[in-house]
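Here's the structure we're looking at; comments come further down.
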Amino acid sequence: MSTKISKKSLSVFVLAMINVAAICSIKNWPITAEYGFSSLFYYLIAAVGFFIPVALVSAELASTYPKNGGVYSWVKEAMGHKMGFLAIWLQWIENVAWYPTVLSFVAATLAYTISPSLALNNVYSFFSILILYWGATFLNFRGIKTSGLVSTSAVILGTLIPGALIIILGVVWYSTGQPSQIVITAQSFVPSLNSPHKLSILVGVVLGFAGLEMTAVHVRDVENPRKNYPRAILLSAILIIGLSVLGTLAIAMVIPKENISLVSGGMDAIAYFLKSYGLSWLTPIVSILIAFGAFGAVVAWIIGPSRGLLTAAQDGDLPPILHKTNKNNMPTSMLVMQGFIVSALASVFLFMPTVSSSFWILIALAAMLYSVMYAIMFITAIVLRHKHPNIERPFSVPGGKIGMWIIAGIGCIMSTFTIIIGFFPPSNIVLTNFVFYETFLIVGMVVFIAIPFLILMFKKPSWNLDKALATEDEPL
């Protein structure tokens with residue numbers, strides 16, 4: 001079979017845009033906005049310690065081991081079946097914990113078309129999450145073409161246009177000498193780090209930069225990946241970090257830090273800008289666009305990790321009922337099970353004192369679970385460099401084995417730090433019951449990490465349908 005160069009159709013710019021669409025989100029900007037100009041410090045740490053290592057390592061793994069299953073296949077190759085299943089399970093369950101957070105953002109944004117005060121109502125957030133999530137699930141039942149159309153439209157209409165609007169209004173606001181809630185000086189760049197609670201905001205920033213391993217599978221579609229993939233990553237990093245920083249500062253300039261909502265901060269800033277310029281009539285329109293953008297992200301992300309877990313299921317790691325796909329080749333049983341878990345996790349909005357605290361506790365759980373997976377992925381990359389030293393690598397982390405140890409080591413340290421710091425809530429989060437916060441995270445981590453091992457402990461040979469059928473067909 002011949003490979004034609006013409007098939008490698010992704011340019012540096014197109015691959016960078018794929019990364020921006022997958023990772024950059026208005027939802028993430030209010031998380032660090034309270035920290036004003038020092039938010040740049042947190043972005044810098046997360047970029048160097050996490051974003052760049054994930055990009056380089058996942059690109060090498062995806063180009064060298066281009067099998068179905070992504071992280072499942074990579075870890076399985078390096079550390080065996082059990083660890084591979086744990087890795088894909090963590091990637092999947094992290095997304096399950098993340099869905100209520102992004103959908104609470106959608107609910108808060110839509111509240112601006114009805115009554116902005118609804119954005120702070122826990123019951124409204126809970127029921128909105130259920131309706132929106134199940135709606136996104138049923139959309140995915142219709143096939144990848146439908147979900148792809150929704151996702152593509154959402155990126156343009158709901159992320160790029162409103163994101164550019166926030167940034168442009170912020171730049172105009174600052175350049176025309178309007179009053180600002182933040183001070184931009186060299187001294188205000190480095191935050192006070194005298195408490196772990198001041199560092200815990202990194203948890204949200206790291207999660208906002210996560211997911212690049214899902215797009216690294218495109219590395220083989222790039223012409224001259226050794227040269228062009230790093231360029232695409234550099235351009236992605238500049239755009240993602242640049243947009244995040246400018247968007248965060250725009251929010252921080254106009255909303256007093258004590259009033260910044262983790263859920264509705266972006267929309268609060270837009271509403272303030274538009275009101276100041278006599279354009280309040282645009283607020284409901286922009287809110288619908290932003291909500292559509294975030295909803296489209298959920299539609300896009302629902303199917304990716306589920307298909308990865310389906311690969312493990314079809315290898316016999318999950319019961320046959322979860323192997324089912326519909327006529328559109330969508331893993332319907334897996335998506336329904338996922339929906340029930342999301343619905344259960346969304347109930348945290350009924351028990352936490354504020355919408356922001358509910359939002360944060362799920363952000364922390366998602367980031368900590370994802371960080372365990374990333375630590376496994378970084379170790380996997382080091383193991384495979386030594387296990388298969390002579391295999392062809394279309395793209396490799398620069399610096400040989402030493403370079404891999406340095407890059408993957410930095411990523412592993414950052415992932416471990418994120419897990420530890422996640423147990424300390426940021427100082428701006430209102431908690432009436434710190435014990436509940438800690439218990440929820442500890443129990444969540446233990447249970448969700450233990451589940452895949454329990455599944456493997458009790459799995460049956462009949463779960464592997466291919467082997468079962470092959471055994472039945474063997475001649476006596």
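Would you be able to say whether some residue in region 290-310 is closer than 19 Å to LYS459 by Cβ, without any contact (Cβ under 8 Å) to a residue 60 or more places away in the chain and not in a helix (DSSP H, G or I)?
no
Out of ILE420, ILE391, ILE363, report the one residue that is at pLDDT below 95, assigned to a loop (DSSP other than H, G, I, E, B), farther than 18 Å from TYR72 by Cα and among the aliphatic types (A, V, I, L, M).
ILE391
Only one of (1) under 21 Å from TYR65 (Cα atoms); (2) in a helix (DSSP H, G or I); (3) not polar (S, T, N, Q) is not met by ILE455, so which one is it?
Exception for ILE455: condition (1).
When the residues of region 118-145 are narrowed to those that are of a type in the set (S, T, N, Q) and part of a helix (DSSP H, G or I), which ends up farthest from the chain's Cα centre (by Cα)?
The extreme case among them is ASN122.
List the residue pairs whose Cβ atoms are under 8 Å apart, where the first residue sits in region 232-251 and is closer than 17 Å to VAL171 by Cα, the second is among the acidic types (Asp, Glu), and the two are 6 or more positions apart or on different chains.
ILE251/ASP268
Which condition number in (1) in contact with a Ser or Thr (Cβ under 8 Å, 6 or more places away or on another chain); (2) free of Cβ contacts under 8 Å to residues at least 24 places away in the same chain is the one that ILE201 fails?
Answer for ILE201: the failing condition is (2).
Inside region 11-55, counting only helices (runs of 4 or more DSSP H) that do not spill past its ends, which hold 3 or more residues that are touching a residue at least 12 places away in the same chain (Cβ under 8 Å) and over 16 Å from the mean Cα position of the chain (by Cα)?
Helices (runs of 4 or more DSSP H) meeting the threshold: 12-23, 39-46.
Pull up region 395-417, narrow it to residues that are small (Gly, Ala, Ser) and not in a loop (DSSP other than H, G, I, E, B), then point me to the one that is farthest from TYR370 (Cα to Cα).
GLY400
Sort out which residues of region 264-289 are of a type in the set (Gly, Ala, Ser), surrounded by fewer than 20 Cβ atoms within 10 Å (Cβ to Cβ) and not in a helix (DSSP H, G or I), and write them in order of number.
Answer for region 264-289, where residues must be of a type in the set (Gly, Ala, Ser), surrounded by fewer than 20 Cβ atoms within 10 Å (Cβ to Cβ) and not in a helix (DSSP H, G or I): just GLY278.
Name the residues in region 199-237 that are assigned to a helix (DSSP H, G or I), of a type in the set (Val, Ile, Thr) and at pLDDT below 75, would you?
THR215, VAL217, VAL219
The values are calculated or read from the model by the stated rules, or taken from the named source; none is laboratory data. For clarity, every value in this text was computed on a predicted model and none was experimentally measured. Neighbour counts are summed over all protein chains in view; Cβ atoms, including those assigned to glycine, are modelled from backbone coordinates with ideal geometry.
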